[in-house]
Each structure stands twice: as structure tokens, then as C-alpha cells.
Amino acid sequence: MKATAFDTKVFTRIITYTRPYKARYYGVIGFAIFLSIFAALRPYLLKQTVDLYIKTQDAQGLLLYVSLMGIVLLFEVLSQYYFVYWANWLGQDIVKDIRVKLFAHLLQFRMNYFDTAPVGQLVTRSVADIEQIAKIFSQGLFMIISDLLKMIVVLAFMFYMNWKLTWIVVVAMPVLVFFTRIFQRKMQLAFEDVRNQIAHMNTFVQERVTGMKIVQLFHREAIEAKKFSEINDKHRKAWIKTILYNSIFFPIADIITSLSLGFVVLYGGINILNGDHFTTFGDLFSYTMFIGMLFNPLRQIADKFNEMQMGMIAANRVFDILDTHDHLQVSGTIEAARFEGNIQFKDVHFSYVPGEEVIKGISFEVKAGQTVAIVGATGAGKSTIINLLNRFYEIDKGDIFIDGINVNDFRLGSIRKQIAVVLQDVFLFADTIISNITLNNPDISQEQVDEAAKNIGLHEFIMSLPGGYHYNVKERGVMLSSGQRQLIAFLRAYVSAPSILILDEATSSIDSYSEELIQHATAKITQGRTSIVIAHRLATIINADTIIVMDKGEIVEKGTHANLLKNETGYYKKLYDAQFVTDENA
């Protein structure tokens, strides 16, 4: 990858985020100007003090100028304080705006984006990369502006005081600039590598921590530790490059600064010894300060430019996500009112991977208030139907209707508000039970939750937990069993008062006590509303109004439990007999 010293396009885009904070933005620049003037005044006052009052032994004048230097120093400190504080304040406000915008953008992506995007990488973009953008303002842009202003003002004072000595310093500056430019280019490539390795490491750690049970069950601790060691080694090597470049550049910068100061003292001292009144002792005193004030910002600009480059690299990664529109879900314009619950799939085709259809032209209809069960082997396409109804994915061909209106014409939020889903793998947040039930919806009160829990027989179970509804289930609900998590998911669906209810393998892999509660809850929450039940255990759906049997993305049979059993060679009959034999053996 070819390094560019400065990405103007990215920088310009970042600056647009300062528009809501114009007053503060220009205020920071104003304090940078004051800071440069006050900083340059101190060495100038030192020259005047040495030449006019120390040399002439004027104690009164000396006291006056020392007091004046103290006042200048006070103003410099105040300018420095407001400059740093406002620059950081501005950076954090901009970071807040970008982070909110990025997260809102991510929420609009189709599910297939999250199927392929590594979680650790998205976390890095949303947290670490955005925080790095703040450094553009706190440690990059404004610091560079301040340093450049300081250098300009210092040079102006130096030329005003002694142009001969100043030219010695000016001749040395291009050499330092040359090494600085090389340093910047090398560091940009090194920082790009560092960010890549950090994202890779975050992704690896996120996945292994999430899948720790699998790692330990299959005794892969040593293997995963070795992999992490390799990733960590690449990360270390990336950082060592930056350390190497710093180790080379800063000693070179110190040598150039020291040589310049040495030539100034040598040349100025010779002039004074030769009786040249153009150069004074005050010049030599002040130039020892001026050279540091001129060269230190120049070498620090390289370091601050690196912070800017890291921030701009991070910003470019964030903007790549913000500029991703092909994964955005297209929302309709119709606000869905309360659904009656009529659902129709008409010649629907769908593929997760282009050219590999998983749903192959299926058509079926669900009448309002009916309970329809979908059965079939793993990979038959059962859960995909739910994803398509909720528009988590866009179909390739065909139409899906709710109450006679194409789902593409509805606003996405209004559709999903009317459909509640209970999944086999229940996800709970690290929060209280009440928060996991209401999902912090202010329209659902504690009283409504209590009443709903009593209606479907879950109130006593919840109250048996420490703290009842305020029991914290921790990350992913680890404090609860799978059956208990399932019960919470049922209550979550019930309190949302959906028009359409979907149960996706909701009664599999649970204990008999939880199953009894869930069976009661299912009967209660499916009453009077359209329900789609995806079931592995056929005994749970024998009372469904219609059973749809799927195989390899196609509907192979459809009918009631009794009618389907009459077909001795049918797919459903074989599934049922196989489960019946298994249950009998058990």
C-alpha cells in the first residue's frame, strides 16, 4: 500500500463534524494564537532584561521586567489551559456525534451484513477507532496549528532581534523537515499495520471468549493459546516498527537541534568577542530558548502528525461503514396498524449466497387467528421463512403479503412491532429480568408485566428468584437455565401484545417442568392471534390448524395432523413414526 502524507478528503469530512461547535472551534484557534504570542514574548523579555538591566545593574528595571515576564507567563498558562481543555472537549463532542451516527447506521443493516462481518472488528470500529478520531483534535490538528503559529511568531521575533543568528537556525530547518517527512510516511504505514492487528486481535479474543465452552469441551486450550500467541506476536512486531522509527528520528532531531544551538553560540560569541555590537549577550540567552521553541514544535509536529494519521486511518475505517449503503434495509412508507394476521407467501425464492437457493418457490397462506406449524429436517428452510417475514433478509423473487399488503410497502419498525418471535436460542442482556422482558420500553409498566406473568403462569417462577423481577441475569442470561431463559422469552413476546406470534423451536432442549409451563404459556399467548410454530417435536403441534412439511427449501406436504398421517408413504408420516419409535425407546 502506498502511503500518502495527508488524506485531504478524509480530513475535510472530519472537519464537517465541527459545524455544530463553530464557536468552540474558532475559540481553540484563538487561544492557539494567544499561546504562540505569549510564548515568544518570554525570550524577548529575557533579552531585554539581560541587555538593559542586568548588564547595567539596574535593579528597579530588573524587578519591573521580571514582574512583566511573570504576567506574560500567567497569560500563557491560562491560554494553554483553555486551549487544551476546549480542544479535548470539542474532540469528545465530535466523537459522540460520530459514534451515535455509526451505531444508528449499523442498526439499519440487513442481517446478512452481520452474518459475515466479524463482531470484534465492528466493536473496534465503534469504540477504539472512534476514540482515536478524538485525538485528531486533542493531540493532532490544534496542536499542529499551535506549534506552527508558535514557530512563525518565534521566527518573526528572531529576525527582528538578530537576523544573522536567525539564518544559522533557518539553514538547519530544511534538514529536520526532510527527516520529518520520511518519518511521517514510514509511521503511516506502521500505524495502518497496528490498527489491522488490533482489529484482528479483538476479533479473535471476542470469538474465543464467546465460544469458551467449545474450546474447553474439545480441549483446544493449547491450540488457541498458540494461535493467540502468533497473533500477539504480529501485533508486537507492528508496534516495534513504530518504536524503531521513533528511536531513529528523535535522536537525529536532537542532534540537529544541538548542532544549531552550538553554531549560534559559537558565531554569536565570536561576534561579541570581536566587538560586534549587533550581537548581544541578551541575544545568546534568548536564542537558547528560541531554538528550543522553534525546533521542539517541529519535531513534535511529526509526532502529532502521526496522531492525526492514526485518527484519519481510524476515521477512514469508520467512514467505510457509514458509506456502506448496499446493506441498508429498504423501508416502506405504510405505517402498519394492528394486523388482522392474514399471511401469504407467493412463489418466494431466496438465497443467502447468490446462486444457492435455500427457499425454492414456496407458496402458502395463513388465515387470521390460525396456528400453522412448519416441520422438516434441519436445513429445510423453516427458520428462513421467519427471517423473510420479518424482512431480516430480502427475497430474490416472489411476494410476501400481510393482510393483503406487500411487506416491502410497510415501514420496517411497524412490521416488527406487530410480530413477536420466541427463538430456540434465547438472547438475554446483562440486565434485570424486568428489563429483558420489556426491553426498556417505557410503554410497558411493571403492573402490565406482573399481570401478563400471572396470566401465563410465570409469576411464581420469577418471584422465586433472588430479587424477583429485578434479578440480574448477567451476560447472555448465564444465571438462568435454558428453560428459564425460554420462559422469559415467552413473557417478553406476550407483553408486547403482537398481532402475529412466531415460535421457533421454542420447546426443544428444555426440562419437563419448564416444558409444562411453556405448554401452558403457548396455549395462552397463541389464543386469538395468528401463530407460526416451527417444531422439532411433532407431539407439540398436533392441534395446529395446518402443518406445512418442508424439505430442501420446498413444501412437500400440507394439511392437518390427522390428514397427513393417512398418507402412509408421506414425509410427515415417516418423521412422526421415527420420533414415535424414539420416544417409545426412551
Could you grab me the full set of residues in region 202-235 that are of a type outside the set (A, V, I, L, M, F, W, C) and under 22 Å from Val127 (Cβ atoms)? Asn202, Thr203, Gln206, Glu207, Arg208, Thr210, Gly211, Asn232, Lys234, His235
Filter result for Ile534 (in contact with a strand residue (DSSP E or B) (Cβ under 7 Å, 6 or more places away or on another chain), at pLDDT below 80 and within 19 Å of Ala420 (Cα to Cα)): no
Output the number of the condition that Thr279 fails; it satisfies all remaining conditions of (1) surrounded by 21 or more Cβ atoms within 10 Å (Cβ to Cβ); (2) polar (S, T, N, Q); (3) part of a helix (DSSP H, G or I). (3)
Could you say which residue among Gly376, Gly311 is under 30 Å from the mean Cα position of the chain (by Cα) and open to solvent by less than 20 Å² (accessible area, probe 1.4 Å)? Gly311
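Residues of region 526-571 being closer than 23 Å to Leu501 by Cβ and of a type in the set (Ser, Thr, Tyr), which ones?
Going through region 526-571, the residues closer than 23 Å to Leu501 by Cβ turn out to be 526-550, 555, 558-561, 564.
The answer is Thr526, Thr530, Ser531, Thr540, Thr546, Thr560.
Looking at region 199-209, is at least one residue of a type in the set (Gly, Ala, Ser) and free of Cβ contacts under 8 Å to residues at least 60 places away in the same chain? If you could, list the steps in order and put the result at the bottom.
Filtering region 199-209 for residues of a type in the set (Gly, Ala, Ser) gives 199.
Still in the running and free of Cβ contacts under 8 Å to residues at least 60 places away in the same chain: none.
The answer is no, given that none of the residues of region 199-209 is of a type in the set (Gly, Ala, Ser) and free of Cβ contacts under 8 Å to residues at least 60 places away in the same chain.
Looking only at region 464-481, which residues are modelled with pLDDT under 80, touching a helix residue (DSSP H, G or I) at 6+ places or on another chain (Cβ under 8 Å) and in a helix (DSSP H, G or I)?
Here is the first cut: in region 464-481, the ones modelled with pLDDT under 80 are 475-481.
This time we only want the ones that are touching a helix residue (DSSP H, G or I) at 6+ places or on another chain (Cβ under 8 Å), so: 477, 480-481.
Passing the criteria: only Gly477.
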Please go through region 331-347 and give me each residue that is closer than 27 Å to Lys360 by Cβ and outside any loop (DSSP other than H, G, I, E, B), ordered by number. Ile343, Gln344, Phe345, Lys346, Asp347
Residues satisfying the stated conditions in region 206-233, i.e. within 23 Å of the chain's Cα centre (by Cα) and at pLDDT 85 or above: Phe228, Ile231, Asn232
Could you identify the single residue in Leu41, Leu73, Leu68 that is over 44 Å from the mean Cα position of the chain (by Cα), assigned to a helix (DSSP H, G or I), at pLDDT 85 or above and surrounded by fewer than 16 Cβ atoms within 10 Å (Cβ to Cβ)? Leu68
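From the list Leu259, Leu266, Leu294, which residue is surrounded by 15 or more Cβ atoms within 10 Å (Cβ to Cβ) and at pLDDT 80 or above?
Numbers: Leu259 fails: surrounded by 15 or more Cβ atoms within 10 Å (Cβ to Cβ); Leu266 fails: surrounded by 15 or more Cβ atoms within 10 Å (Cβ to Cβ).
Just a single option satisfies the conditions, and that option is Leu294.
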Just the residues that are in contact (Cβ under 8 Å) with a residue 60 or more places away in the chain, open to solvent by less than 40 Å² (accessible area, probe 1.4 Å) and under 19 Å from Leu439 (Cβ atoms), please, taken from region 456-494. Ile456, Leu458, Gln486, Ile488, Ala489, Phe490, Ala493
Counting only helices (runs of 4 or more DSSP H) entirely within region 104-180, those with at least 3 residues that are under 30 Å from Leu46 (Cβ atoms) and in contact with a helix residue (DSSP H, G or I) (Cβ under 8 Å, 6 or more places away or on another chain) are 141-161
Pairs needed: first member in region 502-531, closer than 29 Å to Arg391 by Cα; second member anywhere, open to solvent by 20 Å² or more (accessible area, probe 1.4 Å) and modelled with pLDDT under 70; C-beta distance under 7 Å; at least 6 residues apart or different chains. Thr507/Glu515; Ile518/Thr507; Ile518/Ile510
Residue, farthest from Arg411 (Cα to Cα), within region 331-340, restricted to residues that are modelled with pLDDT under 85 and either touching a Phe, Trp or Tyr at 6+ places or on another chain (Cβ under 9 Å) or crowded, with 20+ Cβ neighbours inside 10 Å (or both): Ala336
Among the residues of region 77-95, is there at least one that is touching an Asp or Glu at 6+ places or on another chain (Cβ under 7 Å), assigned to a helix (DSSP H, G or I) and open to solvent by 40 Å² or more (accessible area, probe 1.4 Å)? no
Return a yes/no flag: does region 321-330 have any residue that is assigned to a helix (DSSP H, G or I), farther than 30 Å from Asn408 by Cα and open to solvent by 10 Å² or more (accessible area, probe 1.4 Å). no
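The values are calculated or read from the model by the stated rules, or taken from the named source; none is laboratory data. Only a predicted model underlies this, so the values are computations on that prediction, with no experimental measurement involved. Every residue, glycine among them, receives a Cβ derived from its backbone with ideal geometry; neighbour counts consider all protein chains shown. The area values use the complete protein model at the heavy-atom level, side chains included, leaving out ligands, DNA and RNA. Shrake-Rupley method; radii C 1.70, N 1.55, O 1.52, S 1.80 Å.
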